[in-house]
Amino acid sequence: MLSDSVPVRCSILRGGTSKAVFFLANDLPPDRPSMEPLLLSVFGSPDIRQIDGLGGATSQTSKAAIIGAPSHSGADVDYTFAQVSVGEQLVDWGGNCGNISAAVGPFAIDQGFVRAAEPVTTVRVHNTNTGKIILEHVPVRGGRAASEGDYAVPGVPGTSARILLEFSDPAGSLTGKLLPTDRPCDEVKLDDGRTFQVSIVDAANPVVFVAAEALGFSGTELPLDIEAATAATDTLEAIRGVVAEWLGLVPDRHDATKVTPGLPKVGFVARPMAYRTTAGVDVPESSVDLTGRLMSMQTAHRSYMVTGAIATAAAAFIDGTIVNALVRPIGQRPIAESIRIGHPYGVMEAVINGDGPAAAPVIRGVAIGRTARHILDGQVWVPRGLLPAG
């Protein structure tokens, strides 16, 4: 008699401040709708504890990466990202996760998609969600991606080998335009009549920026403080819903939370200021150029999304955006092309390569340092009916 459960090969890797279950594309059903029940089973969703699966009960630890042969002539490997909802029966394919992207290069090397060459191997990753190429410069030792090193990522204990991610031509990942509305600032009107100024910037992922002050925040709040301020988070979600409707992601803004909970991203920013991190470390005002907080699947992100940092850096270089109005002026920054973002765990730096007028710059790329670790290779058991017969 056949078992009612079957094993599927998988790996668990940390990328930046997130963690994901990695699969080889050939081991999964061929299309996304067929994959979704399998992924929900693997992660134990929907359940706020994800007790019956591999999920970690937060959006940062309920992620999947599907890796396969490249479909793009300029890539070494295809990478598809899936955000698996914790409490809802939903898998969001809408965008990419920059933190998990950092683990794709090491996984591709360890799986033999790319020949390992010391001391650094460059992996050309094609993210199928956005159609963009990410260049990943991965330290290699002994034929595998190196994990030990002296680079620290706020929000990750200890230090690891530094992986440099270069997001090439990140503008227009979803909408085809850096400024989806062709304006650096727009006014959103909510159902209750309140209005808010927002900046919508699409670079690596579309992000809606709101000034912290407009929401009653200072900008230095920590995730638990943000989540306790339910009136403000409800307002942020309502704003996000309006923009989702504008971008054509939903026909009705009131359906955004259910239909597209992950895109667009939304968050708030403030001028550079001193604050204390989640770990109790004091960050001086002089070490940040902007203070920022982002939401992830209707909860406060515990650190800062890499794709969010890319959009933030791009917004900082565009005249008229809310970010541009609050960021430390270029002449006062240590590096004009660099933006240091103060987030709940510490400081993230994004280096931008762009040119053209500040009113309409061309963003050629954004580089960010991350780390990753290959934690586990094994098998996860799923109901037999979730895999194709044969």
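Scanning region 269-310 for residues that are within 20 Å of Gly16 (Cα to Cα), in contact with an Asp or Glu (Cβ under 7 Å, 6 or more places away or on another chain) and either of a type in the set (A, V, I, L, M) or surrounded by 24 or more Cβ atoms within 10 Å (Cβ to Cβ) (or both) gives Arg293, Ala300.
When the residues of region 198-218 are filtered to those that are out of contact with any Pro (no Cβ under 9 Å at 6 or more places or on another chain) and outside any strand (DSSP E or B), the one that is surrounded by the most Cβ atoms within 10 Å (Cβ to Cβ) is Ala212. Exactly one residue out of Gly267, Gly216 is within 20 Å of Ile310 (Cβ to Cβ), of a type outside the set (Lys, Arg) and outside the structural domain of Asn129 (by TED's automatic domain parsing), and it is Gly267.
For region 219-253, a residue qualifies if it is exposed (fewer than 14 other Cβ atoms within 10 Å of the Cβ) and either within 21 Å of Thr195 (Cβ to Cβ) or aliphatic (A, V, I, L, M) (or both), and the qualifying residues are Leu224, Ala228, Thr230, Ala231, Asp234, Asp252. Counting only residues that are on the phi < 0 side of the Ramachandran plot and either at pLDDT below 95 or not hydrophobic (A, V, I, L, M, F, W, C) (or both), region 210-230 holds 8 of them. The sole residue among Ala309, Ala367 that is part of a helix (DSSP H, G or I) and under 22 Å from His137 (Cβ atoms) is Ala309. Close Cβ contacts (under 9 Å, 6 or more residues apart or on different chains) running from residues in region 233-244 that are in contact (Cβ under 8 Å) with a residue 24 or more places away in the chain to residues that are acidic (Asp, Glu) and in a helix (DSSP H, G or I) comprise Thr233/Glu227. In summary, Glu337 fulfils each of the numbered conditions (1) of a type in the set (Asp, Glu); (2) over 19 Å from Pro170 (Cβ atoms); (3) assigned by TED's automatic domain parsing to the domain that holds Asp289 with the single exception of condition (2). Just one residue in the set Ala270, Ala316, Ala311 is more than 25 Å from Leu165 (Cα to Cα) and small (Gly, Ala, Ser); that residue is Ala270.
Scan region 121-147 residue by residue and report those that are under 27 Å from Gly346 (Cα atoms) and at pLDDT 95 or above.
Selection gives Ile134, Leu135, Glu136, His137, Val138, Pro139, Ala145, Ala146.
Results for (1) under 19 Å from Gly68 (Cβ atoms); (2) in a strand (DSSP E or B); (3) of a type in the set (D, E, K, R), shown as yes or no for each residue.
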position	(1), (2), (3)
Pro106	yes, no, no
Val123	yes, yes, no
Leu165	no, yes, no
Phe196	no, yes, no
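Only one of the listed residues (Leu174, Leu165, Leu178, Leu135) is surrounded by 14 or more Cβ atoms within 10 Å (Cβ to Cβ), without any contact (Cβ under 8 Å) to a residue 60 or more places away in the chain and closer than 18 Å to Gly95 by Cα. That residue is Leu135.
Determine if region 373-384 includes at least one residue that is surrounded by 14 or more Cβ atoms within 10 Å (Cβ to Cβ), touching an Asp or Glu at 6+ places or on another chain (Cβ under 8 Å), closer than 30 Å to Ala203 by Cβ and at pLDDT 95 or above. Yes, region 373-384 contains at least one residue that is surrounded by 14 or more Cβ atoms within 10 Å (Cβ to Cβ), touching an Asp or Glu at 6+ places or on another chain (Cβ under 8 Å), closer than 30 Å to Ala203 by Cβ and at pLDDT 95 or above. Look at Asp4 and say whether it is at pLDDT below 95, over 20 Å from Gly94 (Cα atoms) and either surrounded by 20 or more Cβ atoms within 10 Å (Cβ to Cβ) or among the acidic types (Asp, Glu) (or both). For Asp4, the condition - at pLDDT below 95, over 20 Å from Gly94 (Cα atoms) and either surrounded by 20 or more Cβ atoms within 10 Å (Cβ to Cβ) or among the acidic types (Asp, Glu) (or both) - is met.
The values are calculated or read from the model by the stated rules, or taken from the named source; none is laboratory data. This one's a predicted model, so the numbers in the text were calculated from it and none came from an experiment. Using ideal geometry, Cβ is built from the backbone for each residue, glycine included, and neighbour counts are taken over all protein chains shown.
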